[in-house]
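Student: I have a structure here, written as structure tokens, and I will follow up with some questions on it.
The values are calculated or read from the model by the stated rules, or taken from the named source; none is laboratory data. Please read all numbers here as calculations on a predicted model, not as lab measurements. Cβ sites come from the backbone with ideal geometry, for glycine too, and all protein chains shown count toward neighbours.
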Amino acid sequence: MAFNKKSLRWNVLIVLFIVIVVLYAVCGSHYVRSQAPHTVSGNQHKISPPIAEIIQKADTLFGDIRIDNYYWLRDRSNPAVIAYLEAENNYTEAMMKHTEEFQEQLYKEMLGRIKETDTSAVDKIDEYFYYSRTEEGKQYLMYCRKKGSLESSEEIVLDLNELARGHAYLYLGAYRVSPNHKFLAYSIDTAGSERFVIYIKNLEENVVLEEKLLNASGDVVWANDNKTFFYVLLDEAKRPYKLYRHSLGNNQGEDVFIYHEKDDAFWLDISKTKSKEYVLMNLGSHTSTEIHYVKADKPAEDFEVIQPRVAELEYYVEHREDKFYIMTNDNAKNFKIVEASVQNASIPYWQEFIPHRDNVKISGFDVFKNHLVVYGREMGLENIQIVNLLNNECHYVDFLEPVYTFWADKNPNFSTNILRFNYTSLTTPKSVFDYNMDIRTRKLKKQYQVLGGYDPLLYQSERIFAQARDGTEIPISLVCKRGLRKDGRSPLYLYGYGTYGWSNEPYFSSNRLSLLNRGFIYAIAHVRGGGEMGKYWHEQGRFLNKMNTFTDFIACAEHLIAEKYTSSDKLVISGESAGGTLMGAVTNMRPDLFKTVIAKFPFVDVLNTLLDISIPLTVVEYTELGDPHEKEYYYYIKSYSPYDNVVAKEYPNMLITAGLNDPRVGYWEPAKLTAKLRALKTDRNMCLLKTNMGAGHGGASGRYDYLKEIAFEYALILDLFGTKD
């Protein structure tokens, strides 16, 4: 391999020496100094406990004793922790130093496919045309509008590049223009912590008001009076839990408290019906919902509940005329659509409108003045059903490719017969279509260009099926250069997720061409735990069925090898967040099956995290994975929790990433996994930890910085395979 360079060995040895010295200097010396008090500013105190107390934590539950030797990595206030993460980053940099030119080559290659100065499709709302655009050399979007016509002068509503000055990270949460188009409420996170600050901009005067709202979730919804909006605060665990009403001109201390969600398994968000007549307060867990509403014309009135929460009952609401349209799983595992009058909208008054079907999952819906749009999924493929509410005629939108995905655009106008949706496939770049729901025609409004002469006919996609150990057929979507020879010699990148009922969609990526053009196959394993094949698919990978997610993925890998798409020494696997749980679990179970593992922000310390309710989102996870304070769930979760199952054996090459400010997966989870692997694994394969010290879940926020992260990952993979051309 390319890593066996003499000069690199010296670099690695030097960095390892630095790691040892730093850890001893910062941690080990604590043991000596802590045996006696010392003076700081005249006050006597002990600076730190002994190192043995720092690095270990012992837990006993159900008679099971667990000792966590790397518990100390959770304390980011400890200088030793930051020193450790920085030393790991230095080690990773040294191990990858010989690829720096190749990383730059890949970065320029991927950048060269992107139209850097570009404009989105336009949304016309009242007299205004809203759009976003990018400029060459700038990291972030600029949000703009024109009044009257597209030939009018441009007004820059919000320039994220200006807001990002002085910050290594920037994420836009809410971007909400008031109904009269005179004010903008927007929320910004500059750390990756997902704690937002809400600002208000006077668009007529082009000034940001002095008032700002702290510790917000990012949601903002305007009432129709153009001076009132609703927003949500976060608790200490970063759970959205309190709703407030704000009036322009007031400071945050004067805002009106509306609601406190006290159940730690539920979160709170807000929305507005497409009709613009109601503001909705949405309370939800992974398995139940409860929705309250208030008239948008009367924001000071009390919210009313539509249907009080019931265990395992989900429902979602839209409005038209004197009715609420409701998507629900009430006696409908794959969901159905019901309608009810606004005056009587609880379950006893629900009238079926679109019935439940065992073979079709309803995943979402939109309601317009004259049309109901239902987004569904049948045999793993998405569809759009359109119902004319004036005559009840129904039809489906045609899609011609065998593997594709779409998602509805904002569609802000209620009184329209045009449905805008985004479409893409493994070979088709993102395209924006306007579909006339009356005459059933579509118009391409925007297709994002791939520069450099991309020809989709040079690539092929297909969907195949692997058989799980219980006989279930698991879909695999894949794409490669046309004319693939199935001889087992092709390197293959296999991606997986499989949690929360979220579907892993086959989408186009121009960055991915850097792998495909070098002979790689890219594949997606649609394992159970996701929602690709309906609610049943989710349930078969949830709670005490979670092991199916992991064995399904292994079955997909084995099938791709058996059918000679690839071989185990040419197989790269990747997953992020909850998909990182998948990566850790299958690597523990079958380390011989994979050449390289990419685990991005991986949720791998599953048992310890679920036992600690102080960690953000922990209690919410109980409705997906179970509560380990119950004995059955404790031992089941422990059986697959990646961190708990690392043992002394050979492991494949591994790249593990983290974000220091990550509120969803604590940085310490990937850090602890790496440390334990280093201590126990018996091979000499690469094991790298790369922590973004200024970002949260998902890594870099700027589009150029993001490309550099992809270039780093691809350089690592291609270097391991000796494939650079």
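Student: Out of S217, S187, report the one residue that is surrounded by 19 or more Cβ atoms within 10 Å (Cβ to Cβ), touching a residue at least 12 places away in the same chain (Cβ under 8 Å), under 24 Å from P663 (Cβ atoms) and out of contact with any Gly (no Cβ under 6 Å at 6 or more places or on another chain).
Tutor: S217 is the lone residue from the list that is surrounded by 19 or more Cβ atoms within 10 Å (Cβ to Cβ), touching a residue at least 12 places away in the same chain (Cβ under 8 Å), under 24 Å from P663 (Cβ atoms) and out of contact with any Gly (no Cβ under 6 Å at 6 or more places or on another chain).
Student: All but one of (1) more than 19 Å from D118 (Cβ to Cβ); (2) modelled with pLDDT of 95 or more; (3) β-branched (V, I, T); (4) buried (at least 17 other Cβ atoms within 10 Å of the Cβ) hold for I439; state the number of the condition that does not hold.
Tutor: The single condition I439 does not satisfy is (4).
Student: Hey, does segment 553-565 have a residue that's at pLDDT 95 or above and under 18 Å from the mean Cα position of the chain (by Cα)?
Tutor: No, segment 553-565 has no match at all.
Student: What number of residues within segment 595-612 satisfy the criterion of being surrounded by fewer than 21 Cβ atoms within 10 Å (Cβ to Cβ) and of a type in the set (G, A, S)?
Tutor: 0
Student: Another question, if that's okay. Scan (1) surrounded by fewer than 17 Cβ atoms within 10 Å (Cβ to Cβ); (2) not in a strand (DSSP E or B) for the single condition K124 breaks and write down its number.
Tutor: (2) is the only condition that K124 fails.
Student: Step by step: first the residues of segment 76-114, then only those that are among the small types (G, A, S) and not in a helix (DSSP H, G or I), then the one that is modelled with the lowest pLDDT. Which residue is that?
Tutor: S77
Student: For segment 528-540, check the following and say yes or no: at least one residue is outside any strand (DSSP E or B), of a type in the set (F, W, Y) and either within 25 Å of G364 (Cα to Cα) or touching a helix residue (DSSP H, G or I) at 6+ places or on another chain (Cβ under 6 Å) (or both).
Tutor: Scanning segment 528-540, I find at least one residue that is outside any strand (DSSP E or B), of a type in the set (F, W, Y) and either within 25 Å of G364 (Cα to Cα) or touching a helix residue (DSSP H, G or I) at 6+ places or on another chain (Cβ under 6 Å) (or both), so the answer is yes.
Student: Right, something else. Does V367 fit the bill of being touching a residue at least 12 places away in the same chain (Cβ under 8 Å) and in contact with a Leu (Cβ under 9 Å, 6 or more places away or on another chain)?
Tutor: Working: touching a residue at least 12 places away in the same chain (Cβ under 8 Å): yes; in contact with a Leu (Cβ under 9 Å, 6 or more places away or on another chain): yes.
Answer is yes for this residue.
Student: Given the criterion part of a strand (DSSP E or B), touching a strand residue (DSSP E or B) at 6+ places or on another chain (Cβ under 6 Å) and buried (at least 18 other Cβ atoms within 10 Å of the Cβ), identify the matching residue among A340, A345.
Tutor: A340
Student: Which members of segment 555-575 meet the condition of being under 24 Å from T609 (Cβ atoms) and without any contact (Cβ under 8 Å) to a residue 60 or more places away in the chain?
Tutor: Once the filter is applied, which keeps residues that are under 24 Å from T609 (Cβ atoms) and without any contact (Cβ under 8 Å) to a residue 60 or more places away in the chain, segment 555-575 yields nothing.
Student: Checking L280 against (1) within 26 Å of G166 (Cα to Cα); (2) modelled with pLDDT of 95 or more, which test does it fail?
Tutor: (1)
Student: Can you tell me which residue in segment 390-417 is nearest to the chain's Cα centre (by Cα), limited to those that are aliphatic (A, V, I, L, M) and surrounded by fewer than 17 Cβ atoms within 10 Å (Cβ to Cβ)?
Tutor: Residue satisfying both the conditions and the ranking: A408.
Student: When you go through (1) without any contact (Cβ under 8 Å) to a residue 24 or more places away in the chain; (2) farther than 22 Å from S509 by Cα one by one for Y143, which number turns out not to apply?
Tutor: All conditions pass for Y143, except number (1).
Student: I would also like to ask the following. What number of residues within segment 479-507 satisfy the criterion of being more than 16 Å from K546 (Cα to Cα) and part of a strand (DSSP E or B)?
Tutor: Number satisfying all stated conditions: 7.
Student: Right, another one. Filter segment 155-200 down to the residues that are polar (S, T, N, Q), within 16 Å of G218 (Cα to Cα) and out of contact with any strand residue (DSSP E or B) (no Cβ under 7 Å at 6 or more places or on another chain) and list them by number.
Tutor: Listed by number, the residues that qualify are T190, S193.
Student: Need at least 2 residues that are under 28 Å from D123 (Cα atoms) and not hydrophobic (A, V, I, L, M, F, W, C) per element, so show me which strands (runs of 3 or more DSSP E) inside segment 171-279 make the cut, counting only ones lying wholly within it.
Tutor: Output list reads 171-177, 183-189, 196-202, 207-222, 228-234, 240-247, 267-272.
Yes or no, residue by residue, for (1) closer than 18 Å to V619 by Cα; (2) surrounded by fewer than 17 Cβ atoms within 10 Å (Cβ to Cβ); (3) not assigned by TED's automatic domain parsing to the domain that holds F230:
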site: S247; (1), (2), (3): no, yes, no
site: Q252; (1), (2), (3): no, yes, no
site: D263; (1), (2), (3): yes, yes, no
site: I270; (1), (2), (3): no, no, no
site: V279; (1), (2), (3): no, no, no
site: G284; (1), (2), (3): yes, no, no
site: I291; (1), (2), (3): no, no, no
site: D297; (1), (2), (3): no, yes, no
